[in-house]
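Reading through the structure tokens given below for one structure.
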Amino acid sequence: MHSKYDFGETDKQIVYVRAVDVADLPKEMRDHAHGASAIYAVHAPDGERLALVRDRRLAFILARQNDFSPVSVH
């Protein structure tokens, strides 16, 4: 039975996308940021960081390409 809140993505695992200040990253990672002040992290529900990407749009694309349902976190 489907509820009125079933959006058709219940079979996909949720991942969380959030901005990360480049200044908070280790030096080796900051060197790869190419002047960006923020990048975006994709996290599993348990908090494990799955990926770091240059922009929010790319983070959402990456998640969907890997059969995840991305949610923005502040």
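Here, each number is a calculation from the coordinates, and none is a lab measurement. Small disclaimer: the values here were computed from a predicted structure and weren't measured. Cβ placement follows ideal geometry from the backbone for every residue including glycine, while neighbour counts extend to all protein chains displayed.
See the values below:
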quantity	calculated
Selection count where residues are of a type outside the set (G, A, S) and in a strand (DSSP E or B), scope region 34-70	10
Of all residues making up region 63-74, the number that are over 8 Å from the mean Cα position of the chain (by Cα) and closer than 20 Å to A36 by Cα	2
Residue list for region 24-43, restricted to those being surrounded by 12 or more Cβ atoms within 10 Å (Cβ to Cβ) and of a type outside the set (A, V, I, L, M, F, W, C)	R30, H32, Y40, H43
Any chance I14 is closer than 18 Å to D67 by Cα and β-branched (V, I, T)	yes
Residue list for region 44-60, restricted to those being buried (at least 16 other Cβ atoms within 10 Å of the Cβ) and of a type outside the set (A, V, I, L, M, F, W, C)	R56
Cβ-Cβ under 6 Å pairs, at least 6 apart or on other chains, region 49-74 side over 24 Å from D31 (Cα atoms), far side part of a strand (DSSP E or B) and among the aromatic types (F, W, Y)	V71/Y16; V73/Y16
Residues located in region 24-66, provided they are closer than 23 Å to Q13 by Cβ and in contact with an Asp or Glu (Cβ under 9 Å, 6 or more places away or on another chain)	I39, Y40
